[in-house]
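The values are calculated or read from the model by the stated rules, or taken from the named source; none is laboratory data. Note that the coordinates shown come from a computational prediction; the quantities given were computed from them, not determined experimentally. Here Cβ is always computed from backbone atoms with ideal geometry, including for glycine, and neighbour counts include all displayed protein chains.
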Amino acid sequence: MDILNGLADRGEWLVAGLVGAIISGWWHKAGLLDWRAWMVFLVTGVACAVFLTGIASNYLGVAEPRNITGVGFLLGSFGAALISAVNRALWAADIWKFLLELIKGKLGG
């Protein structure tokens, strides 16, 4: 229940992050091929905004509520794009093949 109360308190950050992720998604639409990709993109943007806005605002010394909401918008847009880029890099690197080879090397196979 505390999580829901915390999200209700951070409603402005949530909305700002969602708007930021939607706008950022427009520029990344070539990589967002289906509705699941869009949903993951939007959810990661909102999660970055909700959970990192307070930390980033304190670190940057931003105290005015309107500016804090702006930080939430930026974190929503850049957070979604960053997580999307990390995900693409991990799939391109074929991390599973690397891990299997590492395990085979350790086991002597």
- Does the stretch 43-65 hold any residues that are polar (S, T, N, Q) and buried (at least 21 other Cβ atoms within 10 Å of the Cβ), and which are they? 44, 53, 57
- Is there any pair with a first residue in the stretch 76-102 that is free of Cβ contacts under 8 Å to residues at least 40 places away in the same chain and more than 15 Å from residue 18 (Cα to Cα) and a second that is exposed (fewer than 11 other Cβ atoms within 10 Å of the Cβ) and aromatic (Phe, Trp, Tyr) whose Cβ atoms are under 7 Å apart and which are 6 or more apart or on different chains, and what are they? none
- Message: For the stretch 70-99, which positions are at pLDDT 90 or above and among the polar types (S, T, N, Q)?
- Response: 77
- Message: Report every pair of residues separated by at least 6 positions or lying on different chains whose Cβ atoms are under 6 Å apart, first residue within the stretch 37-49 and within 14 Å of residue 10 (Cα to Cα) and β-branched (Val, Ile, Thr), second surrounded by 24 or more Cβ atoms within 10 Å (Cβ to Cβ) and modelled with pLDDT of 90 or more.
- Response: 46/17
- From the option list 103, 95, 68, 22, single residue qualifying as surrounded by 15 or more Cβ atoms within 10 Å (Cβ to Cβ) and more than 14 Å from the chain's Cα centre (by Cα) is 68
- Any chance residue 8 is at pLDDT 90 or above and either in a helix (DSSP H, G or I) or among the charged types (D, E, K, R) (or both): no
- Query: When the residues of the stretch 25-42 are filtered to those that are at pLDDT 85 or above and of a type in the set (D, E, K, R), which remaining residue is surrounded by the most Cβ atoms within 10 Å (Cβ to Cβ)?
  - Reply: 36
